[in-house]
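**Q** Sending over a structure as structure tokens; questions will come in a sec.
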Amino acid sequence: MIPKLLFTGFLLLAWSVAGAQVAIPALSQFKTKKEQLQRIAEMCDSLNVVEEYRQAQALARETLALIEPGDDARQSLFNFYIGVGYQGVQADSAIFYYEKSLRYARLARNNKRIVNALRELMYLYNYTDGYTTERDKTAAELNRVIDTTTNASLKNECYIKLADYYGVIGWREQELNYRLQVLGLVKTEMEQGRYKDTGVDSVNVGVAYFNIGDLYEKMDHYTKALEFYRQARPLLWNYKAGICAYFKGMSTSYIRLGDTSRAAQYSDSLENMVQRTYNITDGWSVLFNTYLSNAEYYLDRQNIATAMPYLAAAEKLIGSKITDALETGSFNYMMGRALSVQKKYSAALPYLVKAETVKQGLSADLYAKVLRALADCYQGMGKWQDADLYYAKYLPLRDSLDARAAKQSMANAEARFQNKEKAKEIETQKAALSFAQQQRWWLMGGIGALLLLAGMLFLFYRNKKRNADALETLNAALEAANKTKAKLFGIISHDLRSPINQVYQFLKLQQLNPDALSEDQKAALNSKIQSATGSLLETMEDLLLWSKTQMNAFEAQLQPVNITAVVGDCQRLLQLNSDARNLVYKTEMPETLLVQTDANYLQTIIRNLLQNAIKAAPDGTVIQIEAKQAHDKTELVIKNQGAPFTQQQYEQLISQEQSAASLSGLGLRLVDELSQKIHVKVSFHYDGVYTWSCLEFELNDPGI
């Protein structure tokens, strides 16, 4: 549902994007201009979430004319939205509006808006020619923000952008330092339970571990890279793009260590996940870069026969799955290099020329390699003048990179020298302080002797009380841990029992009466069993990973979740159960419907409600699943025919202690308890034909 927007005196606000008119309904329910501007900001945020950047940009332009003079915070915000619309399309225009947003943010003294503008400018300065001075000044300002702010979220954003900055200029040690700072911060936020305020959850921690592993991989420390990749995997949960990157990192590190067999296992897992299971958009890019990495490994060893199939596989993805100019530029360089190694210079040249055209996005190291490859290619073709031209471009860049490396070494040496000087100064100060402290101790000693007896008595009493409190706390913690483990084992047992039983029944049928089925029926049955088993294995892995993280505290981790994808996973897991009853699903849900919740809690709730619907529905009937978004809430409804089940029966069942002994009772008790933890209202209705189970999610209102 599109929010209704209106400024006082405006009945209609519209904008034109690529020739299409988009009308914004009225906002008469908002009394003040402040509330109206707030709602338009929310609209821009919503458009950006679904990647409608140009529409958000057009709305922001219309809104700028309505902001009162002196309202610098909103001038900063809406100029920022305009910059977002240009990012990835017109870098210079994006920079212009981000810089404008930064000026207004400074006038408003709004640290959040300042850091947001600096963050985006840092990215654009890194990858746009002609902004080296601005880039370095922005890095210095982000360092000052880190030193002065106490806001953990702002610090984290600054650490990430500075790590990217040092990666671009080739200072790997500094980049590693900031990556480690990010990891330390998000781990602390997660362990102290402040993720609700800062947005840090286990996936953020997993990504931080992965980024450090990726950096070690770039530094050719592959054993160290594997160590961090392994720590990242359990924390990534079902973050599919992150898992794809994990498979790529493991494959690349193993192949660089010479263990091609284990590398192939991970690259096969990546291909299976991307091509056959999920068709993930980000996954295609990861798979493409894995092909290029494997090709590079074999090219470095002059093994052309093994490298070329990887390049052929990568080339098939260009156009259909890969359209990014930077990624296609990397492929063109690699293919040109492979053909040059085979002395097919005429065939190699067009690829290398295409690679050079995207120099703005290439790292300095890779661009230097492209220039060197072009020079060598022209030399191989006997075109000496062109070869000299490219050597003339290559050598200064190579010298600049060497000088940068030397500058980093000098900076590291200077830092070590400064540390030694500071250590000497500290030792001198310690000696002076030691003498002063000795005199102070003698003066305090007399007073201390008088208080010693009273202090000993006080300490004895306090320690006795503390030990008693500690024992009570320990007993409470043990009891809570036992309850948590019981809940987790109850969830795993309850959610897996029905799918496993259904697979067992189909296999038993095939064993006891194999001649009762035709070959086509057997093939269809085997396909269903294979599909259900695959979904079952995925669910088991997710449940076990979840249970590992929940052992100490049974707490929800709220984040945006695609409710349609969760319902689809539950349907696949229970497909055999529904097929056995000839039940048909009728679903009416948007492809992308996000709610703020815990994915694993929600999956457990939906899985239980769907199991109950399958059990209750008569054979050959329809199970309807609908999702819709009202003004202030999102609803998910599961309908089935059969024996009625009402809200009164539900409340009576979950209130009975003995219901824990039955599986149906356990399922509904889990639904009740988990729904309370993620703030979802569960209700049951009967309209004379259908029983409805309804989940209601409250919408969150974002601030400026």
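The values are calculated or read from the model by the stated rules, or taken from the named source; none is laboratory data. Just so it is clear, the model here is predicted, and its values are computed rather than measured. With ideal geometry, Cβ positions are generated from the backbone for all residues, glycine too; neighbour counts draw on all protein chains shown.
**Q** Can you pull out every residue in the stretch 80-115 that is polar (S, T, N, Q) and either at pLDDT 90 or above or over 28 Å from Val358 (Cβ atoms) (or both)? Explain how you work it out, then say what you get.
**A** Restricting attention to the stretch 80-115, the residues satisfying the condition of being polar (S, T, N, Q) are 87, 90, 93, 101, 110-111.
Ser93, Ser101, Asn110, Asn111 - these are the residues of the stretch 80-115 that are polar (S, T, N, Q) and either at pLDDT 90 or above or over 28 Å from Val358 (Cβ atoms) (or both).
**Q** Can you pull out the residues in the stretch 308-358 that are touching a residue at least 12 places away in the same chain (Cβ under 8 Å), surrounded by 14 or more Cβ atoms within 10 Å (Cβ to Cβ) and assigned to a loop (DSSP other than H, G, I, E, B)?
**A** If the condition is that a residue be touching a residue at least 12 places away in the same chain (Cβ under 8 Å), surrounded by 14 or more Cβ atoms within 10 Å (Cβ to Cβ) and assigned to a loop (DSSP other than H, G, I, E, B), then Lys321, Asp324, Val358 are the ones that fit.
**Q** Still on this structure, I have one more. Which residues, taken from the stretch 59-83, are among the hydrophobic types (A, V, I, L, M, F, W, C) and crowded, with 21+ Cβ neighbours inside 10 Å? Working first, answer last.
**A** The initial filter retains those residues of the stretch 59-83 that are among the hydrophobic types (A, V, I, L, M, F, W, C), namely 59-60, 64-67, 73, 77-78, 80, 82.
Leu59, Ala60, Leu77, Phe78, Phe80, Ile82, listed by residue number.
**Q** Another question about this same structure. Would you be able to tell me the number of residues in the stretch 231-278 that are within 26 Å of Ala599 (Cα to Cα) and of a type in the set (Asp, Glu)?
**A** Looking only at that region, the number is 1.
**Q** State which residue is modelled with the lowest pLDDT when the search covers only the stretch 627-641 and only residues that are closer than 16 Å to Trp692 by Cα and surrounded by fewer than 16 Cβ atoms within 10 Å (Cβ to Cβ). It would help to see each step written out before you state the result.
**A** Here is the first cut: in the stretch 627-641, the ones closer than 16 Å to Trp692 by Cα are 627-628, 634-641.
From what's left, surrounded by fewer than 16 Cβ atoms within 10 Å (Cβ to Cβ): 628, 635.
Working: Lys628: 86, Glu635: 90.
Among those that are closer than 16 Å to Trp692 by Cα and surrounded by fewer than 16 Cβ atoms within 10 Å (Cβ to Cβ), it is Lys628.
**Q** Pull out all pairs, ordered by first then second residue, where Cβ-Cβ is under 6 Å, the residues are six or more apart or on different chains, the first lies in the stretch 129-143 and is in contact (Cβ under 8 Å) with a residue 24 or more places away in the chain, and the second is of a type in the set (S, T, N, Q).
**A** Asp129/Gln360
**Q** Tell me which of these Asp300 doesn't satisfy, since it passes every other one: (1) within 21 Å of Asp214 (Cα to Cα); (2) loosely packed, with under 14 Cβ neighbours inside 10 Å; (3) modelled with pLDDT under 90.
**A** Of (1) within 21 Å of Asp214 (Cα to Cα); (2) loosely packed, with under 14 Cβ neighbours inside 10 Å; (3) modelled with pLDDT under 90, only one is false for Asp300: (3).
**Q** Take Ile169 and tell me if it is within 30 Å of Gly258 (Cα to Cα) and β-branched (Val, Ile, Thr).
**A** Values: within 30 Å of Gly258 (Cα to Cα): yes; β-branched (Val, Ile, Thr): yes.
So Ile169 passes the test.
**Q** Report yes if Glu591 is surrounded by fewer than 16 Cβ atoms within 10 Å (Cβ to Cβ), in contact with a Leu (Cβ under 9 Å, 6 or more places away or on another chain) and outside any helix (DSSP H, G or I), otherwise no.
**A** Numbers: surrounded by fewer than 16 Cβ atoms within 10 Å (Cβ to Cβ): yes; in contact with a Leu (Cβ under 9 Å, 6 or more places away or on another chain): no; outside any helix (DSSP H, G or I): yes.
The answer is no for Glu591.
**Q** Could you list, in sequence order, all residues of the stretch 384-402 that are at pLDDT below 85, over 36 Å from the mean Cα position of the chain (by Cα) and of a type in the set (A, V, I, L, M)?
**A** If the condition is that a residue be at pLDDT below 85, over 36 Å from the mean Cα position of the chain (by Cα) and of a type in the set (A, V, I, L, M), then no residue fits.
**Q** A further question follows. Tell me which of these Gly620 doesn't satisfy, since it passes every other one: (1) of a type in the set (Gly, Ala, Ser); (2) at negative phi; (3) touching a strand residue (DSSP E or B) at 6+ places or on another chain (Cβ under 9 Å).
**A** (2)
**Q** Moving on to the next point. Filter the stretch 326-371 for residues that are of a type in the set (A, V, I, L, M, F, W, C) and at pLDDT below 90 and give the result. Lay out the reasoning, then the answer.
**A** Taking the stretch 326-371 and keeping what is of a type in the set (A, V, I, L, M, F, W, C), we get 326, 331, 334-335, 338-339, 341, 347-349, 352-353, 355, 358, 362, 364, 366, 368, 370-371.
Residues satisfying the conditions are Leu326, Val358, Leu362, Ala364, Leu366, Ala368.
**Q** Among the candidates Glu157, Glu134, single out the residue that is surrounded by 15 or more Cβ atoms within 10 Å (Cβ to Cβ), more than 22 Å from the chain's Cα centre (by Cα) and not polar (S, T, N, Q). Working first, answer last.
**A** Working: Glu157 fails: more than 22 Å from the chain's Cα centre (by Cα).
Just a single option satisfies the conditions, and that option is Glu134.
**Q** Name the residues in the stretch 126-142 that are in contact with a helix residue (DSSP H, G or I) (Cβ under 7 Å, 6 or more places away or on another chain) and either under 25 Å from Leu183 (Cβ atoms) or of a type in the set (Lys, Arg) (or both), would you?
**A** Once the filter is applied, which keeps residues that are in contact with a helix residue (DSSP H, G or I) (Cβ under 7 Å, 6 or more places away or on another chain) and either under 25 Å from Leu183 (Cβ atoms) or of a type in the set (Lys, Arg) (or both), the stretch 126-142 yields Asn126, Arg135, Thr138, Ala139, Glu141, Leu142.
**Q** List every residue pair whose Cβ atoms sit under 7 Å apart, with the two residues 6 or more apart in sequence or on different chains, where the first one lies in the stretch 116-128 and is aromatic (Phe, Trp, Tyr) and the second, anywhere, is buried (at least 24 other Cβ atoms within 10 Å of the Cβ) and part of a helix (DSSP H, G or I).
**A** Tyr125/Thr138
**Q** Now, a different point. How many residues are in a strand (DSSP E or B) and more than 16 Å from Asn640 (Cβ to Cβ) if we restrict to the stretch 562-588?
**A** Restricting attention to the stretch 562-588, the residues satisfying the condition of being in a strand (DSSP E or B) are 562, 584-588.
So of that shortlist, the ones also more than 16 Å from Asn640 (Cβ to Cβ) come out as 562.
Matching residues across the stretch 562-588 total 1.
**Q** A further question follows. If Trp237 satisfies all but one of (1) under 16 Å from the mean Cα position of the chain (by Cα); (2) at negative phi, what's the number of the condition it fails?
**A** Status for Trp237: all satisfied but (2).
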